[in-house]
Every structure is written in C-alpha cells, then in structure tokens.
Amino acid sequence: MAMMEIKNLSVFYGKARALSDINLSVDKGETIAIVGANGAGKSTLLDSIMGLVKNTGEILFEDQDLTHKKTRFRVQQGLGYAPERFNLFPYLSVRDNLLVGAYTARGEIAKNLAAVYNLFPRLAEREDQETATQSGGERQMVSLGRAMMSSPRILLVDEPTIGLAPKVCLEIANVLRRLSTDLGLTVILAEQNANFALSLAERLYVLEGGKITATGTAKELSKDDTLAKSYFGA
Ligand SMILES: Nc1ncnc2c1ncn2[C@@H]1O[C@H](COP(=O)(O)OP(=O)(O)O)[C@@H](O)[C@H]1O
Ligand SMILES: [Mg+2]
C-alpha cells in the first residue's frame, strides 16, 4: 500500500485552474520527483499537500484522510516541508530558525537539533549567525533542517537547487540521499532541474500546465525524450 496517495486533486486560484485532476502516490522510503517548468504548478501541489491552499480531491496519508485537516495536524502526522522561498526569519539565528520547526515536537528538540547539525556541520559552526547574512546554500540547509525538526516521515522539498552553484547542488543532493538511505525518509521533490531530479528520484511525474503528462521510473524517463519535450515542446 502507498504511504501517500493523491486522488483527483485540483486547485483553482480564483477562476484560474492551477492543477487539474492530479493522481500520484509515493511508497514508504521512496523518493519521487515532480518535474516541470516555471508555472507548471509544482509549488501549488506541495502547498496543497500541506493544507496551505484549498483543493478538491483527496489526500490520503497512511490510513488517514488529510484532505480537510489543518496544516498543524498534517505536520503532527509526519509531513515536513522545505518550501520554495524558505520563509526564514532573517534576523534570528540559525538555531532559532531551526527551533521554529520544532513547534509540534516538544520532547525531541535536542535530539532533532543534534541530528540536523550532524547532517549539516556547517550549520553547527554558524548556529549563532543571523540567516540574513548567510549564503543561498546555507539558507537552503537551514530550510531543510527546519523541516527535519518536526521528526517528519515524509519530506516535501521545493526546488532546493534554485539559484545555487553546481557544487552546492551536489552537497544538497548528498544530504537528500542520506535522508533517504540512512534515515529511511520518504521524499517528494519538486524540481525544474530535470538532471538533479533524475539523479535522486526513483520515479518521476512530469507536470505541464497543471496536468501530469508523463510518469515513469528514472530509467524509463531518461532513455526517451519525454522530459526534454515537456520543457522545449514536442
Ligand atoms: N497565490 C496565487 N494566486 C494566483 N495564482 C497563483 C498563485 N500562486 C501560483 N499561481 C499561479 O498558478 C500557476 C502554478 O504556479 P506554481 O505552483 O507556483 O508553479 P511552479 O511552482 O511549478 O513554478 C501559475 O500560473 C501561477 O501564476
Ligand atoms: Mg514553484
């Protein structure tokens, strides 16, 4: 049985339809990617899984129906989110930004903070630094770390490589791989960078204009030109 299943999910912003009848599933321990160009609807999909935008359809997680549940409840059930624009507090320290992510995890704060510093030694070295003075890569690490502070079992990550140098992208990829292999975390990655997504995800969904137009394993999608078509047109 799938760990998470999304059935016929649609989202409207006013009269504009941003997502149409999305169906997808992710198994426990699996990494999947939602790939698509700018404006395809990737962030809208992750936001709706977190309960941050209104949708029709169903969102099932393990044996629960999360469709009409509040974001806080979804976080308590094990959903973690590293959103596209981070939403860090620029004049709070790295440590305090991480602690913001622990608001539902009272008993596990020290343990989770140690685990985040183990994943990102650079954050431990700079835990008193304001995030306003950090590099883009370091802020991405704080954002991922903050999502880990609530002990998630499924992690939603929105475009973690946007604006980052190739070397930093590799560092982020290594951490996402460790989250999956060492911690057994289930990951839903939204990406414009198809190569980055192919290097991490076991299965991918191609999103174009709010619709899923192709799906398959990394192996299947890398051997035909489906991904290239979705970016450059047929
Ligand atoms: N808050 C909003 N209000 C109105 N339209 C929005 C809003 N957020 C996104 N959109 C529109 O929905 C579509 C999908 O956007 P988005 O989910 O941000 O795509 P992506 O993350 O793939 O770039 C776009 O056409 C975008 O302009
Ligand atoms: Mg986006």
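Annotations for the structure displayed:
- Comparing Val168, Val187, Val35 in a Gaussian network model of the chain (Cα springs below 10 Å), the most mobile by mean-square fluctuation is Val168.
- Accessible area of Ile109 in the full protein assembly, 1.4 Å probe (Å², nearest 10): 60 Å²
- Toward the positive end of the charge dipole of the chain, with +1 on the Cβ of Lys and Arg and -1 on the Cβ of Asp and Glu, the farthest Cα among Leu52, Ala37, Pro166 is that of Leu52.
- Pairs with C-alpha atoms separated by more than 27 Å, drawn from the list Lys69/Lys229; Lys54/Lys219; Lys42/Lys69; Lys15/Lys223, are Lys69/Lys229; Lys54/Lys219; Lys15/Lys223.
- The residues of the chain have, on average, 47 Å² of accessible surface per residue, using a 1.4 Å probe with all protein chains present.
- Computed over the chain: relative contact order in percent, which uses C-alpha pairs under 8 Å that are six or more apart: 28 percent
- Dipole magnitude (debye, nearest 20) for the chain, charges at Cβ of Lys, Arg, Asp, Glu: 340 debye
- Relative contact order (percent, whole number), region 86-152, Cα cutoff 8 Å, 6+ residue spacing: 55 percent
- Relative to the dominant Cα principal axis of the chain, helix 136-148 is inclined by about 90°.
- Close amide H contacts of Met4 (hydrogens built in the peptide plane, cut-off under 5 Å, sequence separation of 5 or more or a different chain): Val26, Glu62.
- Estimated 222 nm signal from helices in the chain, with DSSP H stretches of n ≥ 4 weighted -39500 (n - 2.57), rounded to 500: -10500 deg cm²/dmol
- The peptide list 13-19, 41-47, put in order of mean Cβ contacts within 10 Å with the highest first, becomes 41-47, 13-19.
- The chain: antiparallel DSSP beta bridges as a percent of all, rounded to 5: 55 percent
- Expressed as a whole percent, the accessible surface of region 86-152 that belongs to carbon and sulfur atoms is 54, based on a 1.4 Å probe.
- For region 86-152, a crude dipole built from +1 on the beta carbon of Lys and Arg and -1 on the beta carbon of Asp and Glu, taken about the Cα centre, is about 180 debye to the nearest 20.
- Against the criterion of solvent-accessible heavy-atom surface with a 1.4 angstrom probe, Leu113, Leu9 sort, most first, into Leu113, Leu9.
- Global form of region 85-163, assessed from the alpha-carbon gyration tensor, a/c cut-off 1.5: oblate
The values are calculated or read from the model by the stated rules, or taken from the named source; none is laboratory data. This structure is a prediction, so every number in the text was calculated from the model and none was measured. No Cβ is skipped: glycine too gets one built from the backbone with ideal geometry, and neighbour counts run over all protein chains shown. Ligands, DNA and RNA are excluded from the accessible area calculation, which covers all protein heavy atoms including side chains. Shrake-Rupley method; radii C 1.70, N 1.55, O 1.52, S 1.80 Å.
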